[in-house]
Every structure is written in C-alpha cells, then in structure tokens.
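Trainee: Following this message is one structure expressed as structure tokens.
The values are calculated or read from the model by the stated rules, or taken from the named source; none is laboratory data. Just so we're clear, the structure is a prediction, and the values are computed from it rather than from any experiment. Here the Cβ positions follow ideal geometry from the backbone for every residue, glycine too, while neighbour counts run over all protein chains shown. Just so you know, the surface numbers come from the protein's heavy atoms only, side chains and all, with ligands and any DNA or RNA stripped out. Shrake-Rupley method; radii C 1.70, N 1.55, O 1.52, S 1.80 Å.
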Amino acid sequence: MANGLDDVVAADTVLSDVDGAGGHLTVRGHSLKELAGHWRYGQVVRLLFDGFFDELPGDAELERAIGSARVEVFDRLQPMLAEFVPLDIYSAMRAGMAMLPDGEELADALRLIAAPAVLTPALLRLGGGETPVAPDEKADHAGDMLRMLAGAASPALARALDTYLVTVCDHGLNASTFATRVVASTQAGLTSAILAGLGALKGPLHGGAPGPVIEMLDAIEASGDAAAWLRGEIARGERIMGFGHRIYRVRDPRADVLKAALRQLGSRKETSAGKMGSGKMDSRLAFAETVEQAALEVLRIAKPQRSIQTNVEFYTALLLEAAGFPKEAFSNVFAAGRVAGWIAHAREQQATGRLIRPQSRYVGPVPDLVA
Ligand code: COA
C-alpha cells in the first residue's frame, strides 16, 4: 500500500477523467478545451448535475435558479457574516456555508453552488469596512461575483473568471473530492459532504497553493534573480508552488487554458474592473512566464528522477489577481468552481449506496494477552 493511495482506484465515475500521461482532462465526455472559454459555468453545472437530480431544468432556467440561490444565500447569511469576519477568509466562508440546510434536493445543491460566490465578496468587503453588495439574480454567475466584489465587472474579466470556474469544476478523485465522497457515502446531507471537501481543499498541497504563488512571484521580483531564488528554495527543502502534480507527468492542461485566458485578457484594451490595467497585466504575465521557465529548469536539474511540470495553480494565481481578488481569497474562488464537481460526486457516491470504509493495518504495540 502506498501512503498516499497512489494508483488506488476508489470509485467509478462518469464525471471526469484525468489522463496524467497524456495531459488531458475530460469532463462528462467533453475535453477541457471544448468547455473552457466556450461554456458558461451554469451550463457546466447542468452538465455535471445531469442525472443526479430529478427535474433538472434547461441551461437558461438553471442559470436563473443559480441567480435566485445567490439572492437567497445573501439574504439568509448576510446578517450573521460580521461574526465570521475575524476568521481567515476561507474559514469564514466555510462557517457561512455550514449554516446552510443539510438537504439532498436541487435547491440545497444550488445554495451550495451560490454560497462561495456570494460569501467571498461579502466577507472581503466587510473585512475592508465596506457594505456588501447584494447579488443580481439576472446576472451571470462569474460577472455577478465580480460585481459583488468591486461594484462593477468588465465583460472581459467576467469571461476570464467564468473560464476559470469552468476549468476547475471537476478533476477526478482529488483529495477534496475523495473527502466529499467519503462523507456522502454515509448518506449525510450535501452540506456535510461539501464541508469535508472544503476542509481538504484548504491545504497548500491542494487548493491552497495559488496564494503562495503570488508570494513567490513577489519575492522573486524583489530578489532580481529567479533561478538563484528558486535554487535556494529547493536547497532549503521547500516546494515550488504551482509546480508538480500527483497524476500529471506532463504539463497540466488547465495551466494552458488559464494562460490563454490571461493572454486574451491582456489583449483587451477595455478598462477592467479589477485593480490591474491591461498593460500591467501584460508585464505581470511576461514576468510569470520567465519565472515559470526558470522553475521548470531548476526543477529538472534538482529532481531529475521526477517530471515536475506547471500545475493549474500557477496561472490561477495570476488570473485571480487580475480579477481583483486578494491572494488570501484565491482558495475561496477555487471552491466556487469546484463545488459543482463535489456535489455531483456526492450524488454519484450516494447512488451506489455503499459506505466507504477501508481498513488500516495495525502497526502499534500488541497487548500482552497472557497477563
Ligand atoms: N517543488 C519541489 N519539489 C517537488 C515539487 C515542487 N513543487 N513537487 C514535487 N517535488 C519533489 C518532492 O520533493 C519529491 O522529491 P524527493 O523524491 O527528492 O523527496 C518528489 O518531487 C516527489 O514528491 P511527491 O510528494 O511524492 O510528489 P507528488 O506527486 O505526490 O506531489 C504535489 C504532488 C502537488 C503535492 C507536489 O507536487 C507539491 O507539493 N507541489 C507544490 C504545491 C502545489 O502546487 N500544489 C497544487 C497542486 S494542483
């Protein structure tokens, strides 16, 4: 048995497939490249939910229902958010989500889809001494998230954020999805299952990496020598954030999709609602590409036995920075995308009716049975 359950197949799924050798991600029969930048997040929610909820409406109706869920979550949770503001922004979001009903219906699922998108901007605004902006139920999900954050959203930024949410919607049996399925297998409600996923996503080896990517880029910019800085980190036994993956032995396909979305964003000259204009974004992206090349080279030399490539988190960090989110909230936005996959996996696991209950091998002291 490998400690990290490497190569252990623990579920059959129709939801997504990660081809680590070929560098492909399939979501319910569609390649990532077909979906990202072409499908809206609401459409992908429908794709993932199909067959797992009775009476699932069509795309347009479902997107409207997600909008109504945003309003409902805001009205329900906004009065208690001030209490959560002293927590870190991820824990505060999780505390808010824990207040949602623990049901099994589509309405429960839609509240969970809405919650990270509503709570993150509201908590950020409250933390900064500003009044939360209420959701607009008619707006598209990503655009409304940015509007709640900054009061306005440029179409280009909304499109980039939508591409991000679609890109991270599901990804095989990653740690948070597995945690979600374990809880769902006990037939606990959807909120309980999603809270397990949220807990797992928080760690820096999983969804907590993009914040440290920004810290790394800033430190490298200040040092003036990317390769020397990166070599120093490796020598200290540190990991380079945004690189390496348990499954991908080639470049993570999500990194390319997000890089393309950033390029498209940089090429748009319209004023963004984020803090970064397109010129600054272009130079930030060019700098990040230099760091990426230096990191790949340093890792190739330092870890020749392992193919360590760029993962999703590297360009996630840049995209969410451009969208105007502070680095502390990057994992919240990851959760806003991944929650759709978690819910679908929870339903898929519950439908098997089988409790997940593996065994451990006892390696502790043996009692003296003679005495
Ligand atoms: N930087 C430096 N070394 C790395 C590394 C990284 N980002 N990722 C893996 N390695 C090294 C390990 O130190 C180890 O080296 P060793 O054999 O000399 O001890 C070797 O590669 C294998 O590490 P292991 O932990 O078994 O690899 P893994 O495939 O299970 O790790 C991650 C996957 C994601 C946990 C790992 O790549 C990582 O920590 N990356 C940085 C965090 C990150 O970006 N997370 C987001 C993932 S989407």
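Trainee: Select, from Val73, Val27, Val14, the only residue that is touching a strand residue (DSSP E or B) at 6+ places or on another chain (Cβ under 9 Å) and at pLDDT 95 or above. Can you show your working first?
Mentor: Working: Val73 fails: touching a strand residue (DSSP E or B) at 6+ places or on another chain (Cβ under 9 Å); Val14 fails: touching a strand residue (DSSP E or B) at 6+ places or on another chain (Cβ under 9 Å).
Just a single option satisfies the conditions, and that option is Val27.
Trainee: Another question, then. Run down Ala222, Ala184, Ala273, Ala179 and say which single residue is within 16 Å of the ligand (Cβ to nearest atom) and either open to solvent by less than 60 Å² (accessible area, probe 1.4 Å) or modelled with pLDDT of 95 or more (or both).
Mentor: Of Ala222, Ala184, Ala273, Ala179, the one residue that is within 16 Å of the ligand (Cβ to nearest atom) and either open to solvent by less than 60 Å² (accessible area, probe 1.4 Å) or modelled with pLDDT of 95 or more (or both) is Ala179.
Trainee: Is it fair to say Leu265 is within 20 Å of Arg338 (Cα to Cα) and in the same structural domain as Thr316 (by TED's automatic domain parsing)? So that I can check it myself, show each step before the final result.
Mentor: On the way: within 20 Å of Arg338 (Cα to Cα): no; in the same structural domain as Thr316 (by TED's automatic domain parsing): yes.
Taking the combined requirement at face value, the residue does not satisfy it.
Trainee: Do we have any residue at all in region 12-19 that's touching a residue at least 60 places away in the same chain (Cβ under 8 Å), within 11 Å of Val166 (Cα to Cα) and hydroxyl-bearing (Ser, Thr, Tyr)?
Mentor: no
Trainee: Looking at (1) open to solvent by 50 Å² or more (accessible area, probe 1.4 Å); (2) closer than 23 Å to Leu62 by Cα; (3) of a type outside the set (Val, Ile, Thr); (4) in a helix (DSSP H, G or I), can you tell me which one Glu137 breaks?
Mentor: All conditions are met except number (4).
Trainee: Would you mind stating whether Gly51 is more than 21 Å from the chain's Cα centre (by Cα), open to solvent by less than 50 Å² (accessible area, probe 1.4 Å), more than 18 Å from Pro135 (Cβ to Cβ) and among the small types (Gly, Ala, Ser)? Please lay out each step first, then the result.
Mentor: Details: more than 21 Å from the chain's Cα centre (by Cα): yes; open to solvent by less than 50 Å² (accessible area, probe 1.4 Å): no; more than 18 Å from Pro135 (Cβ to Cβ): yes; among the small types (Gly, Ala, Ser): yes.
The answer is no for Gly51.
Trainee: (1) at pLDDT 95 or above; (2) buried (at least 21 other Cβ atoms within 10 Å of the Cβ); (3) more than 14 Å from the ligand (Cβ to nearest atom): which one isn't true of Ala153, the others all being true?
Mentor: So Ala153 meets the others, but not (1).
Trainee: Which one of Lys303, Lys280 is open to solvent by 50 Å² or more (accessible area, probe 1.4 Å) and within 16 Å of the ligand (Cβ to nearest atom)?
Mentor: The unique qualifying residue is Lys303.
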